[in-house]
Each structure stands twice: as structure tokens, then as C-alpha cells.
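In what follows, a structure is listed as C-alpha cells, so that the remarks can point back to it.
A short reminder: the numbers here are calculations on the coordinates, not readings from a lab. Just so it is clear, the model here is predicted, and its values are computed rather than measured. Please note: Cβ atoms are built from the backbone with ideal geometry, for glycine as well, and neighbour counts cover all protein chains shown.
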Amino acid sequence: MAAHDTVALALEIEQKGRQPMAVRKFRITVNGVVYEVEAEEIPSAGQLEPPKVSQPAAVLETTAPPKTVVRTQTVSQDTAIIVEAPLPGAVLDVRAQVGQVVEMGQIIVILEAMKMENEITAPVAGRISAIQVQKGGAVSAQDPLFTIEP
């Protein structure tokens with residue numbers, strides 16, 4: 001939201017037996033964003049009961065993007081690790097080749113799911129012993145993507 005945008009929330013408030021008070025405008029800056037608000041001036045808290053809201057304000061929720069969790073399956077104690085797809089999607093890119101030595105955290109496969117690119121990384125340092133997917137292919141959740149030998 002740009003600083004020049006005005007955010008307005010409308011609440012209908014019952015005003016039983018109250019005389020309307022002066023409405024004052026304020027400019028408030030929150031985290032570098034400027035908001036213009038209107039507020040009604042009221043007497044001190046001891047002289048007035050709280051207003052009753054006839055319609056609740058809208059609640060805006062934000063969610064963080066989901067983290068990509070890579071499920072791994074160990075084939076043998078000290079041999080190879082099969083890295084599986086965490087979710088269904090399309091393989092956008094394969095950034096390693098069989099026999100390549102990779103570092104832990106290095107991007108090996110990029111999956112597209114729900115218009116989001118998900119980077120699938122090497123869970124350990126080692127050598128890629130097999131790649132079970134190819135660029136342009138489709139995978140289901142838990143399909144093997146690649147095998148790495150630590």
C-alpha cells in the first residue's frame with residue numbers, strides 16, 4: 001500500500017442519548033506508511049459508556065507463504081538418500097547431473113506448484129547418483145526426485 005493511499009473502515013455505532021461530538025482528522029505514520037484517519041472526540045472515560053457496535057469491522061488476515069519441506073527416504077544406513085517431491089507439480093528445471101558433487105542446500109530441482117516456484121535442495125553434501133525426473137515432467141507428492149550419496 002503506497003503512502004498516499006487512504007484506508008477507510010466504516011463502523012456504524014449506536015449513539016444512544018449522546019450528542020454528536022466533533023470529528024477530527026489525524027495523519028498517522030505506522031512503519032513508514034502514512035494513514036489519514038477520522039476520530040470522534042469524546043468526553044473522559046468515566047462520563048461515557050462504551051459504544052455498541054452494530055456491524056463488526058472487516059478483519060484482514062495475512063499469511064506467510066508455506067515453507068517447502070523436503071521428505072527424504074534413506075535407502076540404506078550409509079549409502080543413498082532419495083529426496084521426494086513435497087507436493088505435486090511440474091518440473092521447471094533440473095540443476096544437477098548424475099555424478100555431480102553437490103553441497104548441502106544446493107538447489108537441485110525447481111518444482112512449480114500453484115504458480116509458485118519451489119526450490120528442492122540437497123539435504124546433505126554428496127554425489128548425485130540418480131535423477132528420477134526431467135525438465136517439463138510432472139510429479140505427484142512423494143514421487144522420488146533424485147538420489148544423493150553422502
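Note that the stretch 137-150 has calculated 3J(HN,Hα) couplings of x, 10, 10, 9, 4, 6, 6, x, 9, 7, 10, 10, 9, x Hz, one per residue in order, obtained from phi through the Karplus relation 6.51 cos²θ - 1.76 cosθ + 1.60 (θ = phi - 60°); glycine and proline are x.
One decimal place: the segment Lys135-Ile107 gains 8.7 nm when fully extended, by the rule 0.36 nm per residue minus the C-alpha distance. Near Asp143, the amide H atoms lying under 5 Å from its own belong to Ala85; only residues 5 or more places off or on other chains count, and H is placed 1.01 Å from N.
Using the Cβ-Cβ distance between Met116 and Val34 with R0 set to 35 Å, the FRET efficiency works out to roughly 0.65. Our estimate of slack between Arg95 and Gln142, defined as 0.36 nm per intervening residue step minus the Cα-Cα distance, is 15.0 nm. Under 5 Å between amide hydrogens, built in the peptide plane, is the criterion, and for Gln132 it picks out Phe146, Thr147 among residues at least 5 positions away or on other chains.
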